[in-house]
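Here's the structure, in structure tokens; my notes come after.
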Amino acid sequence: MASENVITNAARGARRPNIRVQQFLAKLPMFSELDEEEIDRIALGTNPVYATKNEAVVQRGDPCVGFHVVVYGQVKLGFTSAQGAEKVVEIVGPGQSFGEALMFLDKPYIVFAQALADTMLLHVSKRTVFEEIERDARFAHRVISGLSRRLHGLVRDVEAYSLKCSAERVIGYLLREEAGRANDEGAALEIELSAGKSVIASRLNMTPEHFSRVLHDLSQAGLISVDGRMVRVHDLERLRAGRF
């Protein structure tokens, strides 16, 4: 069995924690059923990538020679129109990945990836993935399953943009971002927004001003209160029902 791949402080700065690559990879849905030997092989083709807040991870048009998994931090995927307007396609957090589909299509990136906070990612090389697929077709099945879940999520997003009003989109986002639960005494549920309001608005196909107006309307209706990125839900049942 290959020795454990540990990314140490000496390799990339004392402020960053040690990462045991095999242990992290084994927790990902794509790799969770692999044995230690298989995880070891994938770890050998995996390298750390660090990005500070607002730094580009990849640019549109860059060749896709593998896929990325976020260890900590956050990355937005998006594109910029000819007029300079930015559209956020997805916000990728810890344990989530991007780039798999383009890797299989042998196409360059059609979106940019930019860190929303200081971020560490693992880059799994295309060559390593293809070698594992050639060894065991079950690995390909797990990759396809992961891509199918991603496609299902994108279809749900298109449905929301097309059929749901702006308030329904914001409420759906808040419920997905739930960061805690009300206690037995009925205390307010606190939800921390995962990104800045302009990024979330773009993700929901709204302008920042419209997003802020919807939050204001929900606040005026007594469903929520907003303090920076912290949203307190005062009436979860009404919020779920969209009654305001």
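The values are calculated or read from the model by the stated rules, or taken from the named source; none is laboratory data. This one's a predicted model, so the numbers in the text were calculated from it and none came from an experiment. Positions of Cβ are generated from backbone atoms using ideal geometry, with glycine treated the same way; all protein chains shown enter the neighbour counts. What goes into the accessible areas is simple: the full protein's heavy atoms, side chains included, and nothing from ligands, DNA or RNA. Shrake-Rupley method; radii C 1.70, N 1.55, O 1.52, S 1.80 Å.
Screening Val231 against (1) in contact (Cβ under 8 Å) with a residue 12 or more places away in the chain; (2) open to solvent by 30 Å² or more (accessible area, probe 1.4 Å) leaves a single unmet condition, (2).
Annotation: Phe31 fulfils all but one of (1) open to solvent by 20 Å² or more (accessible area, probe 1.4 Å); (2) modelled with pLDDT under 90; (3) out of contact with any Asp or Glu (no Cβ under 6 Å at 6 or more places or on another chain); the unmet one is (1).
The set of residues from region 26-48 being over 16 Å from the mean Cα position of the chain (by Cα) and not charged (D, E, K, R) comprises Ala26, Phe31, Ser32, Leu34, Ile39, Ile42, Ala43, Leu44, Gly45, Thr46, Asn47, Pro48.
In this structure, Arg181 does not qualify as at pLDDT 85 or above and open to solvent by 30 Å² or more (accessible area, probe 1.4 Å).
Selection of region 44-103 for residues being farther than 24 Å from Leu151 by Cβ and of a type in the set (A, V, I, L, M) yields Leu44, Val49, Ala51, Ala56, Val71, Ala82, Ala85. All of (1) open to solvent by 10 Å² or more (accessible area, probe 1.4 Å); (2) touching a strand residue (DSSP E or B) at 6+ places or on another chain (Cβ under 8 Å); (3) touching a residue at least 24 places away in the same chain (Cβ under 8 Å) hold for Val70 with one exception: (1).
Looking only at residues of region 161-177 that are open to solvent by 80 Å² or more (accessible area, probe 1.4 Å) and part of a helix (DSSP H, G or I), we find that the one that is modelled with the highest pLDDT is Glu168.
Would you check if there is a residue in region 197-210 being open to solvent by 60 Å² or more (accessible area, probe 1.4 Å) and closer than 15 Å to Glu177 by Cα? Checking region 197-210: at least one residue is open to solvent by 60 Å² or more (accessible area, probe 1.4 Å) and closer than 15 Å to Glu177 by Cα. When the residues of region 83-101 are filtered to those that are of a type outside the set (Gly, Ala, Ser) and within 20 Å of Cys64 (Cα to Cα), the one that is farthest from the chain's Cα centre (by Cα) is Glu100. Filtered by the rule that a residue be closer than 14 Å to Glu168 by Cβ and open to solvent by 60 Å² or more (accessible area, probe 1.4 Å), region 215-228 gives a lone residue, Asp217.
Is at least one residue of region 52-65 in a strand (DSSP E or B), in contact (Cβ under 8 Å) with a residue 12 or more places away in the chain and not β-branched (Val, Ile, Thr)?
Yes; the residues of region 52-65 include at least one that is in a strand (DSSP E or B), in contact (Cβ under 8 Å) with a residue 12 or more places away in the chain and not β-branched (Val, Ile, Thr).
Within region 195-211, one or more residues are assigned to a loop (DSSP other than H, G, I, E, B), modelled with pLDDT of 85 or more and among the hydroxyl-bearing types (Ser, Thr, Tyr).
Quick check: anything in region 5-23 hydrophobic (A, V, I, L, M, F, W, C), at pLDDT 90 or above and in contact with a strand residue (DSSP E or B) (Cβ under 7 Å, 6 or more places away or on another chain)? Checking region 5-23: at least one residue is hydrophobic (A, V, I, L, M, F, W, C), at pLDDT 90 or above and in contact with a strand residue (DSSP E or B) (Cβ under 7 Å, 6 or more places away or on another chain).
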